[in-house]
Ligand SMILES: NC(=O)c1ccc[n+]([C@@H]2O[C@H](COP(=O)([O-])OP(=O)(O)OC[C@H]3O[C@@H](n4cnc5c(N)ncnc54)[C@H](O)[C@@H]3O)[C@@H](O)[C@H]2O)c1
């Protein structure tokens, strides 16, 4: 018996990194997982690795039509959506004063609007079911700031505040919403932002003395997506080896 047996779970940005680890863990816990990513090939490859029950779909979370088409397909195929994990994210690290408004738009479209798009479509479906679990991936940059990530931090701060509000609005419909907030985690995104020097400095600064691994995040997400977390909503859980404590 897995703690997500018979559940239908959508994970965005699940072609690689933290999202792929989340998809893998949810499937191991018994869920049928819809692996979505803007990269069709990695979405399909992750779904194939998960085996029976999983499907891979190309979805650009920044594009509402793409999100709607994906969720319509899921409902047509599975009849319901029990779990939505908003994981897709992107950043370009640079000092705020050097950044261009076109980059701000892209960062907000993917990191914040992406989650608005999926939630706006999925929440009425979950409300009609009287059941739902939303897990939004934030970032500790949205809690404590992060040099070189001003606009991304603003978008992730928005994710945290948005999650608390939908948790309040949807509680009576049987829906919980929580935020999992990664600290520095060993993925392609981290490699694009920090070099080897930052990695070594962080290892010294993180109380548990290592970077996060995608599986560390996946374990927290799977818990919040399950009925073990039935009485937890509106919370932000940092998975950061103790780098942030607030
Ligand atoms: N790695 C870290 O240190 C770290 C720290 C804090 C927060 N996060 C957050 O964790 C989440 C996962 O990040 P990661 O480190 O695994 O990054 P990653 O770059 O390895 O993976 C991100 C995935 O999202 C997909 N994606 C990008 N734009 C998309 C779009 N418009 N629509 C759909 N999919 C899209 C990419 O194709 C990729 O597969 C993100 O929300 C990120 O902001 C990561």
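Derivation of every value follows stated rules applied to the coordinates shown; laboratory data play no part. From a predicted model like this one, the values you see are computed outputs, not experimental measurements. Cβ sites come from the backbone with ideal geometry, for glycine too, and all protein chains shown count toward neighbours.
In percent, how large is the relative contact order of region 198-246, given Cα pairs closer than 8 Å and 6 or more residues apart?
Computed value for region 198-246: 45 percent relative contact order.
At a Förster distance of 41 Å, what's the computed FRET efficiency of residue 147 paired with residue 169, Cβ-Cβ distance as r, to 0.05?
Between residue 147 and residue 169 the formula returns 0.75.
To the nearest 500 deg cm²/dmol, what mean residue ellipticity at 222 nm is calculated for the chain from DSSP H runs of n ≥ 4 alone, each contributing -39,500 (n - 2.57), summed and divided by the residues?
Result for the chain, helices only: -14500 deg cm²/dmol.
Quick check: residue separation of residue 188 and residue 203 times 0.36 nm, minus the Cα distance between them. What number comes out in nm?
3.7 nm
Return one number: the angle in degrees, 0 to 90 and rounded to the nearest 10, between the long axis of the Cα atoms of helix 17-28 and the longest principal axis of the Cα atoms of the chain.
With both axes taken from Cα atoms, the answer is about 30 degrees.
Using Cα pairs under 8 angstrom and six or more residues apart, how large is the relative contact order of region 117-235, in percent?
For region 117-235, the relative contact order is 30 percent.
Treat the count of other C-beta atoms within 10 Å as a stand-in for reagent exposure and order 156, 7 from fewest to most.
Listing 156, 7 from fewest to most nearby Cβ atoms yields 7, 156.
Using the count of nearby Cβ atoms within 10 Å as a rough guide to exposure, how do 5, 216 rank from fewest to most?
So the residues, fewest neighbours to most, are 5, 216.
For helix 214-225, report the angle its Cα long axis makes with the longest principal axis of the Cα atoms of the chain; keep it between 0 and 90° and round to the nearest 10°.
Once rounded, one gets 40 degrees.
Across region 8-238, what fraction of all alpha-carbon pairs, as a whole percent, falls in each successive 10 Å bin from zero upward?
Taking all Cα pairs of region 8-238, the binned fractions are 8, 35, 38, 16, 3, 0 percent.
To the nearest whole percent, what portion of all C-alpha pairs in region 152-246 is separated by more than 20 angstrom?
44 percent
Of the peptides 56-65, 78-87, how do they stack up when ordered by the mean number of other Cβ atoms within 10 Å, highest first?
Sorting 56-65, 78-87 by mean packing, highest first, produces 78-87, 56-65.
Compute the acute angle (0 to 90°) between the alpha-carbon long axis of helix 64-78 and the principal axis of greatest extent of the alpha-carbon atoms of the chain; round to the nearest 10°.
Helix 64-78 and the main axis of the chain meet at about 40 degrees.
For the chain, calculate the relative contact order in percent as a whole number, restricting contacts to Cα pairs under 8 Å that are 6 or more residues apart.
19 percent
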